[in-house]
Amino acid sequence: MMGDPIAVSKVVLILPTYNERNNIGNIIDELQVQFRNISHDMHILVVDDSSPDGTAEVVRKQQAIYANIHLLIGQKTGLGAAYIRGMVYAMDKLAADVVFEMDADFSHKPEDVPRLMAALDGGADFVIGSRYVKGGSIPKKWGLLRRMNSLGGNIVGRYVAGLYKVRDCTAGFRAIRTTLLKQVAFDDLRVQGYAFQVALLHKAVSLGAIVKEVPVDFIDRTEGESKLGLSDIIEFILNAWWIRLHSSKTFIKFAIVGLSGVIVNLGIFTLLLQMNVNKYLASPISIEASIITNFLLNNYWTFRWRKSHDHVSIKGLKFNMVSVISLVVSYSTFILLSVIFPDTPPAIHQLVGIAPAMLINYFLNSYWTFKNAPEFKS
Ligand SMILES: Nc1nc2c(ncn2[C@@H]2O[C@H](COP(=O)(O)OP(=O)(O)OP(=O)(O)O)[C@@H](O)[C@H]2O)c(=O)[nH]1
Ligand SMILES: [Mg+2]
């Protein structure tokens, strides 16, 4: 009414915690300092999964000091589940206009909160504190495995789930308008763990959200332990493929052909064994037979409408080469996982290896073997 109205929003920073006793008190203190530079009504909601280290007690002590601290206690069912509970609470009970996602381990700097908030105020619906845009960074001391894990996650999110335009789609430092969030049916996301980040972002993009990435430096935790496990990685990969299956007819056909290849492979293998062919010979014959039937089905069905310069034999050769590359990728993944998670059964490593192999297989075939070249005149 008086002069330019300044829209003050209620902003709730959701901090999921599991055994963050040595971090949570300090991060609350540092956030309060940052809140002084923001002209909104700022709150913190800690979603603690009954941490045995007594994280909640530290939060209760902070509640006695500050009036803007909320605490939601639950059972440990994963990071995504904790965020969903927190977001529902922030919307329904706290009437939030904006929610933040933020780690409680100082990996995300409290000083960056005003910058994310400013980007949201600038008109975005979904702001990502991004490590992979110009000006952002990951810790220099990260080893090869850690880098590959982070990079691999982003590649899967971007190219499998189809979030091509987002540089950092696995980031856990984000600001989101609840006008957007209210349109998300959380039950339909079907995720429990870290896969939540990609699932929610994908939903936001398909709802037409304006997404903006703000560069941030990601800092390694110095207190407490990482909670990322192999089950999170598996759910993450499955979720990305699930999203893909729902959004691409070509990919569905490709996947059906792939499954038919498994049947051809095992069928011919069994048949050859019954004909008393040596198993060491029967195996490569069956593999090659399935590669050939896969090729023919993809050529005459999946990618039938693609116009190519190449003779069918050249395409067949390319398809075979891609199969060899997939084999190498699948095997490398197997070795990598065996090194990182030595206590997990090898069959799980073998199974997970299928995902990147399938990705390489699909994209190389789609953009190379069966590349569309409509400008070609025969
Ligand atoms: N409530 C809840 N919080 C969780 C759960 N898993 C992780 N967190 C919290 O989510 C944030 C991010 O988890 P981290 O273990 O730091 O995962 P990360 O950042 O990938 O791994 P680090 O390299 O160790 O930092 C932290 O604040 C954790 O305490 C969970 O199952 N429930
Ligand atoms: Mg962390």
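Please treat every number below as a calculation from the coordinates, not as lab data. Keep in mind the model is a prediction, meaning the values are calculated, not measured. Every residue, glycine among them, receives a Cβ derived from its backbone with ideal geometry; neighbour counts consider all protein chains shown.
A compact table of results
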item	result
Close pairs (6 angstrom Cβ cut-off, 6 or more residues apart or separate chains): touching a residue at least 24 places away in the same chain (Cβ under 8 Å) and buried (at least 22 other Cβ atoms within 10 Å of the Cβ) in the stretch 151-178, of a type in the set (Ser, Thr, Tyr) and in a loop (DSSP other than H, G, I, E, B) anywhere	153/170; 157/170; 168/132
Residue check, residue 197 in a loop (DSSP other than H, G, I, E, B), closer than 18 Å to residue 90 by Cα and not hydrophobic (A, V, I, L, M, F, W, C)	no
Helices (runs of 4 or more DSSP H) within the stretch 224-334 that include 3 or more residues under 20 Å from residue 369 (Cβ atoms) and among the β-branched types (Val, Ile, Thr)	249-274, 279-297
Some residue of the stretch 95-105 being over 23 Å from residue 8 (Cα atoms), of a type in the set (A, V, I, L, M, F, W, C), within 16 Å of ligand 2 (Cβ to nearest atom) and under 26 Å from the mean Cα position of the chain (by Cα)	yes
Extreme residue, nearest to residue 80 (Cα to Cα), among residues of the stretch 25-51 that are within 26 Å of the chain's Cα centre (by Cα) and β-branched (Val, Ile, Thr)	47
Selected residue (criterion: farthest from residue 189 (Cα to Cα)) from residues of the stretch 91-117 that are within 14 Å of ligand 1 (Cβ to nearest atom) and outside any loop (DSSP other than H, G, I, E, B)	110
Options 362, 331: the member that is touching a residue at least 40 places away in the same chain (Cβ under 8 Å) and within 24 Å of residue 233 (Cα to Cα)	362
Residue match in the stretch 43-62 (condition: assigned to a loop (DSSP other than H, G, I, E, B), among the hydroxyl-bearing types (Ser, Thr, Tyr) and within 16 Å of ligand 2 (Cβ to nearest atom))	yes
